[in-house]
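What follows is calculated from the coordinates using simple rules that are stated; it is not laboratory data. Treat the numbers as computed from the prediction; the structure is a model and nothing was measured. Counting neighbours? That spans all protein chains shown, and the Cβs are built from the backbone with ideal geometry, glycine included.
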Amino acid sequence: MIIIRSRSEIEKIRKSCQIAALVLKELGRSIRPGIKLIQIENLAVELMRSYGCVSAFKGYNGFPAHICVSVNDVVVHGIPNGQSLKEGDIVSIDVGVSKDGYFGDVAETFAVGRISSEDDRLIRVTKESLASGIDCAREKNHLSDVSHAVETKVNAAGFSVVRDFVGHGIGQDLHEDPQIPNFGEPHKGPVLKCGMVLAIEPMVNKGTWRIKIDKDKWTARTRDGQNSAHFESTIAITENGPEVLTVV
């Protein structure tokens with residue numbers, strides 16, 4: 001069941017979303033060659049504490065960290081450890097928080113120093129595909145119109161959309177209905193209505209869309225070892241179109 005949120009509920013979700021976005025922004029500023037992934041995690045813990053919120057990820061189905069940090073061929077769910085970032089890497093950071101019973105979720109892929117032109121294009125196309133998906137998240141459109149818009153943008157660039165992970169509804173739980181694939185035919189699935197709150201998150205690979213899971217049962221990598229990018233925004237559907245809640 002897709003929950004229709006009241007304006008007051010959306011404002012509570014917005015508060016969590018803005019905190020998540022502020023945390024992500026500060027973490028992005030810390031990205032540099034030589035920084036360890038665990039240092040990014042520790043900074044996230046400090047920031048969440050300062051904002052009076054808790055991680056949405058820590059302990060979720062046993063996930064051991066407060067944020068996800070995914071480097072190069074890691075698509076999502078990277079666990080921060082002692083690995084150091086190096087010049088030319090790309091790193092995706094996913095931040096989810098809970099405050100006052102409501103959740104916010106946001107992600108972005110960052111360049112570490114100077115990166116290849118193709119990795120730069122991968123990041124740009126993934127960000128643009130998110131924008132295309134958001135633009136279709138309008139009242140009376142179908143859910144798959146969002147999915148189709150993402151896939152169309154990605155395919156036109158010669159990249160591939162990950163099929164094993166999807167976006168999701170969000171509110172009083174981190175993951176709510178509906179699931180939002182980043183691929184599919186248009187004009188299918190539920191009709192979008194004002195008050196729906198969605199976390200749209202394209203995950204885009206340079207090569208094959210297929211992935212594999214590490215022995216830690218969390219870290220998802222591209223099967224061919226090529227790099228992947230990930231962007232996510234939480235949005236509310238309103239009478240005036242999609243409203244991005246994860247902005248600061």
Exposure proxy check on H175, H168: fewest-to-most Cβ neighbours within 10 Å is H175, H168
For the D214, V54 Cβ pair and Förster radius 25 Å, calculated FRET efficiency rounded to 0.05 is 0.45
The simple spin-label model distance between S84 and K140, using points 7 Å out along Cα→Cβ, in nm, is 5.8
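In nm, what is the difference between 0.36 nm times the number of residues separating D120 and D100 and their Cα-Cα distance?
Details: separation 20, 0.36 × 20 = 7.20 nm, distance 3.75 nm.
Contour length minus Cα-Cα distance gives 3.4 nm.
Can you put V71, V197 in order, fewest other beta carbons within 10 Å first?
Details: V71 20, V197 26.
Ascending number of Cβ neighbours within 10 Å: V71, V197.
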Quick note on V204, V112, ordering by fewest other C-beta atoms within 10 Å, gives V112, V204
Residues of region 138-181 with backbone N under 12 Å of the label point set 7 Å from the Cα of R223 along Cα→Cβ are 163-164
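Using only the Cα atoms of region 58-119, construct the convex hull and provide its projected area averaged over every direction, in square nanometres to one decimal.
Working: hull surface 20.1 nm².
With the hull built on Cα positions only, its mean projection is 5.0 nm².
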Surpassing 18 Å at the alpha-carbon level, of the pairs K127/K215; K153/K206; K127/K206, are K127/K215
Computed on Cα atoms only, the convex hull of the chain has an orientation-averaged projected area in nm² of 12.1
